[in-house]
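Chemist: One structure coming up, written as structure tokens, with questions to follow.
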Amino acid sequence: MKHAAITGIGAYLPERRLTNADLETMVDTSDEWIRTRTGIGERRLAAEGEATSDLAAAAGVAAIADAGLTVDDIDFLVVGTSSPDHVFPSTASLVQAKLGLTCAGVDVMAACTSFVFALHHATVTIEAGRASTVLVIGADALTRHVDFTDRRTCVLFGDGAGAVVLQAADEPGIMGIDLGSDGTGADVLTIPAGGSAMPCTPERVAEGLHHVRMVGSEVFKFAVRAIPETTERALAASGLTSDDVTWLVPHQANQRILDTVADRLGIAHERVVSHIEWVGNTSSASIPLAVHDLYTSGNLRPGDVLALVGFGAGLTWGAAIVRWTKGPVR
Ligand code: UT7
């Protein structure tokens, strides 16, 4: 069996910044509340006319260049997103056309866990010998679905995209992966209207049912339980323990969640990658964006073990243990 390893990484953030001070003029909130309850200082917003596929394509171009490849080398595309450009066609189809890829592409949707699920999809495709070079993108423009009069959600989310190139390798770069879903918790985080269960009507839009609805405290409790559990399972599947983790890269939803799970796993806080202060919760993009930050900071070295851990609506969760095999920033 072949193995899969990361050989390229790229990121894209839209230019427009929305600061906590900006939000203070929009809803009844404060910089102090947002920083102490979430750790967020600012977030990025996709420009007018800039869709998830545009964010994804920009990150994809950067990852392909970083791998030293061209679009012709990519033989499969997986896009993790929960804010697709349209109900259909898939965002992967649009990204494929924007990049000029000739391979097949598919969307994977597991809310904020989408990137980990997408990585799994790409890994097993390579391990099965069905592809040798896969572009995996996590991209979201969730601010398009947020009610900017609802202080409970509008302070949290930001837009962005991160991508990796995964290639067949002799040694495993992607090691153990653990994934999980529990649909009995579907109601705690949802965009109720806009799908087949509840098509958008003027009445439903007036009620705001096309916006993100979240019972934040329930998601918080779920996250601090699920992240350590899924991380431990993925580490066990890799023959490792939390002592072997060089960098814990959790989905960036709340700094208090990151601190709590680090303590529960016995991982020092300085080993936990956090960029939430600058970009907020970028959903499917948050994990590859955080790895990209680490990579460009020069702190990621060949042989380092990363635990990439997602959780989100569904409910869904998942962890992928990665041995970093790539050299320094090109
Ligand atoms: O990507 C995965 C999805 N999301 C998450 O993982 C989020 C997980 N949950 C969280 O991060 C936290 O639950 C939140 C940050 C969303 C909320 O923090 P909390 O400490 O759980 O606050 P809370 O919901 O219990 O609300 C406490 C108070 C409430 O006021 P009252 O009822 O006590 O008077 C809220 O109305 O804080 C109020 N509040 C705010 N105040 C100022 C809620 N949002 C804000 C706000 N500014 N933006």
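The values are calculated or read from the model by the stated rules, or taken from the named source; none is laboratory data. Everything numeric in this text was worked out from a predicted model, so none of it was measured. So basically every Cβ, Gly included, is an ideal-geometry build from the backbone, and we count neighbours across all protein chains shown. All accessible areas refer to the heavy atoms of the entire protein, side chains included, with ligands and DNA or RNA removed. Shrake-Rupley method; radii C 1.70, N 1.55, O 1.52, S 1.80 Å.
Chemist: Identify, please: which residue in the stretch 292-323 is buried (at least 20 other Cβ atoms within 10 Å of the Cβ) and over 18 Å from the mean Cα position of the chain (by Cα) and is, among those, farthest from VAL79 (Cα to Cα)?
Modeler: Among those that are buried (at least 20 other Cβ atoms within 10 Å of the Cβ) and over 18 Å from the mean Cα position of the chain (by Cα), it is LEU300.
Chemist: Only one of these is touching a Pro at 6+ places or on another chain (Cβ under 6 Å), within 23 Å of ALA111 (Cα to Cα) and open to solvent by less than 40 Å² (accessible area, probe 1.4 Å): LEU289, LEU265, LEU248, LEU258. Name it. Step through it out loud before you land on a result.
Modeler: Details: LEU289 fails: touching a Pro at 6+ places or on another chain (Cβ under 6 Å); LEU265 fails: within 23 Å of ALA111 (Cα to Cα); LEU248 fails: touching a Pro at 6+ places or on another chain (Cβ under 6 Å).
Going through LEU289, LEU265, LEU248, LEU258 in turn, the sole match is LEU258.
Chemist: Checking the conditions here, which among THR19, THR70 is polar (S, T, N, Q), surrounded by fewer than 19 Cβ atoms within 10 Å (Cβ to Cβ) and more than 24 Å from ARG130 (Cβ to Cβ)? Even if it seems obvious, please write down each step before you answer.
Modeler: Working: THR70 fails: more than 24 Å from ARG130 (Cβ to Cβ).
None of the others qualify; the one that does is THR19.
Chemist: Another question, if that's okay. Given the criteria modelled with pLDDT of 95 or more, over 30 Å from GLU24 (Cβ atoms) and either in a strand (DSSP E or B) or in contact with a helix residue (DSSP H, G or I) (Cβ under 6 Å, 6 or more places away or on another chain) (or both), does VAL134 qualify? Full working, then the answer.
Modeler: On the way: modelled with pLDDT of 95 or more: yes; over 30 Å from GLU24 (Cβ atoms): yes; either in a strand (DSSP E or B) or in contact with a helix residue (DSSP H, G or I) (Cβ under 6 Å, 6 or more places away or on another chain) (or both): yes.
Here the answer is yes, as VAL134 does meet what is asked.
Chemist: Continuing with the same structure: Could you look through the stretch 111-143, keep only residues that are within 16 Å of the ligand (Cβ to nearest atom) and more than 14 Å from ALA56 (Cβ to Cβ), and pick out the one that is most open to solvent (accessible area, probe 1.4 Å)?
Modeler: Here the residue is PHE117.
Chemist: Return the residues of the stretch 24-40 that are open to solvent by 10 Å² or more (accessible area, probe 1.4 Å) and assigned to a loop (DSSP other than H, G, I, E, B); say none if nothing qualifies.
Modeler: THR25, MET26, VAL27, ASP28, THR29, SER30, GLY39
Chemist: Would you confirm whether or not the stretch 182-200 contains a residue that is in contact with a helix residue (DSSP H, G or I) (Cβ under 8 Å, 6 or more places away or on another chain), open to solvent by less than 20 Å² (accessible area, probe 1.4 Å) and farther than 28 Å from ALA122 by Cα?
Modeler: For the stretch 182-200, residues in contact with a helix residue (DSSP H, G or I) (Cβ under 8 Å, 6 or more places away or on another chain), open to solvent by less than 20 Å² (accessible area, probe 1.4 Å) and farther than 28 Å from ALA122 by Cα: present.
Chemist: Whether any residue in the stretch 231-243 is assigned to a helix (DSSP H, G or I), acidic (Asp, Glu), more than 16 Å from the ligand (Cβ to nearest atom) and at pLDDT 95 or above is what I want to check.
Modeler: Filtering the stretch 231-243 for residues assigned to a helix (DSSP H, G or I) gives 231-237, 242-243.
After this cut, where a residue has to be acidic (Asp, Glu) as well, the list is 232, 243.
With the extra rule that they be more than 16 Å from the ligand (Cβ to nearest atom), the set shrinks to 232, 243.
The next check asks that each one be at pLDDT 95 or above; those that pass are 232, 243.
Scanning the stretch 231-243 turns up at least one residue that is assigned to a helix (DSSP H, G or I), acidic (Asp, Glu), more than 16 Å from the ligand (Cβ to nearest atom) and at pLDDT 95 or above.
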